[in-house]
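Take a look at the structure set out below.
The values are calculated or read from the model by the stated rules, or taken from the named source; none is laboratory data. Just so it is clear, the structure is predicted and the values come from calculations on it, not from any experiment. When we count neighbours, we look across all protein chains shown, and the Cβ atoms used for this are built from the backbone with ideal geometry, even at glycine. For accessibility, only protein heavy atoms count, side chains too; no ligands or nucleic acids. Shrake-Rupley method; radii C 1.70, N 1.55, O 1.52, S 1.80 Å.
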Amino acid sequence: MSDAVKEDLWRRWRAGDSISVISRALGKPPGSIFTVLKHHGGIAPAARARRADRLSAADRELISRGLEAGASLRSIAVSIGRPASTVGRSPATAAE
C-alpha cells in the first residue's frame with residue numbers, strides 16, 4: 001500500500017468508518033485493511049521525521065561539489081554551517 005493510501009486509510013479510520021467501508025473506498029480487500037490496522041494496534045503511527053543533526057541531501061551535494069572543487073573540509077564545513085568532523089564523516093568524503 002502506498003503512503004497516500006495508508007494516510008487515507010487512517011483518516012477514514014479516525015472518522016469512524018468501518019473496515020468494510022474503508023476497503024470499498026480504497027479498492028483493497030478488507031483483510032489488507034485489517035492487517036494494517038492490527039499491525040499498529042488501531043492507532044496511526046507518528047509521522048517519521050529525519051533528525052535535525054543529519055545532513056540533508058542539499059548539504060551532501062554541497063560537500064560533494066566542494067570536494068570536487070578541491071576545497072578543504074573546514075571551508076566546506078563553514079559554508080554549510082556544520083562541524084568539520086561531520087563533513088569528514090560524510091559518504092562523499094569516503095571516495096577520497
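When GLY31 is tested against (1) open to solvent by less than 50 Å² (accessible area, probe 1.4 Å); (2) in contact (Cβ under 8 Å) with a residue 12 or more places away in the chain, just one condition goes unmet, and that condition is (2). Looking across the range 46-81, the residues that are modelled with pLDDT of 90 or more, open to solvent by 60 Å² or more (accessible area, probe 1.4 Å) and in a loop (DSSP other than H, G, I, E, B) come down to ALA69, GLY70, SER72, GLY81. If you filter the range 82-92 down to residues that are of a type in the set (S, T, N, Q) and open to solvent by less than 60 Å² (accessible area, probe 1.4 Å), you find that the one that is nearest to ASP8 (Cα to Cα) is SER90.
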